[in-house]
Structure formats: C-alpha cells, structure tokens
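Notes follow the structure.
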Amino acid sequence: MEGLRKPARLLLVMVLGLLMSACAHTGGKSEQADVDPWEPFNRSMFEFNEKVDRAVLKPVASGYRKVVPDGIRKGIGNVFLNLAEPTTVVNDVLQGKFNQAGHDFFRFVVNSTFGLLGWFDVATPLGMERNREDFGQTFSVWGFARGPYLVLPLLGPSTVTDAAGIIPATMYTDPRTAGGYTLETYAILGLNTIDTRARLLGASKVSELQLDQYVFRRETYLQQRAQLIHDGDPPGQDDYLEDDFYDDDLFEDDEQDDDRD
C-alpha cells in the first residue's frame, strides 16, 4: 500500500501548491485569466507533452494499431473500460444517483461475468449504456469550484478539482492500481495508455488543423467536462461540442487513413 500512496502523495502536494498559488490570481482579471491563470506554465507543459507524444506515444500507438488485430484491440479497450466501472459506481453513490449506481453496478457484473472480465461488451446491446462518473465530477457536484485549468505532465488537460479527484481513484477505486505500483501495474497502465492513444489517432488530426492547438484542447476539455458534470445539459454552453468528441470508439473508422500515414 505504501508503494501505492507515494505517487498519490506527490500529486496531492502538487495540487495543493497550485491551489495556494491560485489564491493570488483574484480581482480585476478577465474571464480567460480566471480560467487559465497559469497559461505560461500550462503551455510549457503542453509542449512537453506534445514532444513526448510525437517522439514516443504516437509512433508506438500507430505501430500497435498496425500490428494488433482489430478484435484484439477492441477486447483490450473493453477490458479497460470495464475496469473504470467501479469508480463510476462509487461516484454514482456519492452524487446521490442511486438508480444509476444500480444500473452501472449491474452493467459491471454482466460484463465481468458473461463478457469475460469485460473483453466483450454484452451489456450495451442489452440496453445498459455506459455512464461516466469520477471524483472530479463528484467534487464539482458537491459545490467545490472547478479551479484553474491545469496541464499535468504526461496526463494532459485537467483542472485543480479534476487533478485532486485522481488521488482517491488511484488509492481506492481503480482496480489497475489496487495492488500498488508494481512492475505489473506499470505494464498495465502502459498498455492502457497505448490503447487509448491508438483510439485517439483520428482526434489528433482534428487538433492539428487548429491555429492554436493549446486553446483548442483547453476549450474542448473544459466543455467536455461541463457536459459530464451537468449530465449533458451545462448552463450557458453551446451545443456544438458533444461528449462524443472523446468517445473511445469515435475514431475507429480512421484506422485505414492512419495506417497510410
């Protein structure tokens, strides 16, 4: 358990430090400054993440897509989505969504048994759609301020509240890290990262067409999070951005185009 807590403690220290820094950014600021008071730091971290992505993640993800058959990749992705269900169920309960908690728990049981640990998504065809709840959403539902936008090293877009939400998930509800940070844990997290990046190869093409990729990623992330927090009906938000922008299966049809790159 000690090995599990050390990374969470480091993240907690960083989040608390940034939260204290945010207290200095009050009064007379524009709305954009309030949302992104650490923009110079965030842009630097964004560039760092982009360099890592170009040098490592994207080539590995492209190779993974070319080498691993469609059915195997689909099964791997389904397993990781299934492993996120316990976190969703816990946060359903914490948000008072008890009917949804029952739905999501039953979905997890069905896919974990009849779906062979989630390799096959047998619940969705039966009408049990997947929900997405996490501790960042729960903190927001409880009334905690979203906090400034924050780009985390390697993890990417976040906010102070969402970053804080990573800590309880990592320590208590994420089956991937339940046994602590062992060599096997890092291998599982690495495969999850590669699989996720492979699914988003099409999304990266959309981002690359933008004049300012940083702003595009920031606004996309914040609007997508608002959709999740308010269950698809955020106040005062345009309807053009749907939660499906980050849907795990959205860019599967781009595989042939990516293979030709």
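The values are calculated or read from the model by the stated rules, or taken from the named source; none is laboratory data. Note that the structure is a prediction, hence the values are computed from the model and not measured. Note that each Cβ is placed from the backbone with ideal geometry, even for glycine, and that neighbours are counted across all protein chains shown. Quick note on the areas: whole protein, heavy atoms, side chains included, nothing else; ligands and nucleic acids left out. Shrake-Rupley method; radii C 1.70, N 1.55, O 1.52, S 1.80 Å.
Worth pointing out:
- Along its first, second and third principal axes, ordered by size, the range 127-174 spans 37, 26, 20 Å in Cα coordinates.
- Overall form of the range 49-101 per C-alpha gyration tensor (a/c, 1.5; a/b vs b/c): oblate
- Backbone amide hydrogens, once placed in the peptide plane, bring Leu152 within less than 5 Å of Ser158, excluding anything fewer than 5 places away on its chain.
- FRET efficiency for the Phe48 to Phe98 pair, using the beta carbon distance and R₀ = 30 Å, is estimated at 0.10.
- Placing a pseudo-label 7 Å from each Cα along the Cα-to-Cβ vector at Ala187 and Phe106 gives an inter-label distance of 3.7 nm.
- Rounded D (µm²/s) - the range 67-129, Kirkwood Rh over Cα pairs, Stokes-Einstein at 25 °C, 0.890 mPa s: 206
- Residues Ser112, Ser158 ordered from highest to lowest accessible area at a 1.4 Å probe: Ser112, Ser158.
- The value given for the range 96-171 is a Kirkwood hydrodynamic radius of 14.3 Å, derived from the mean inverse Cα-Cα separation.
- Rolled with a 1.4 Å probe across the full set of protein chains, the surface gives Leu117 an accessible area near 130 Å².
- Label point 7 Å beyond Cα of Val68 along Cβ direction - residues of the range 191-211 with amide nitrogen under 14 Å: 191-201
- Stretch gain in nm, segment Arg176-Lys205, where the contour uses 0.36 nm per residue and the Cα spacing is subtracted: 7.5 nm
- Each residue was assigned an accessible area with a 1.4 Å probe, and for Leu209 the value is about 140 Å².
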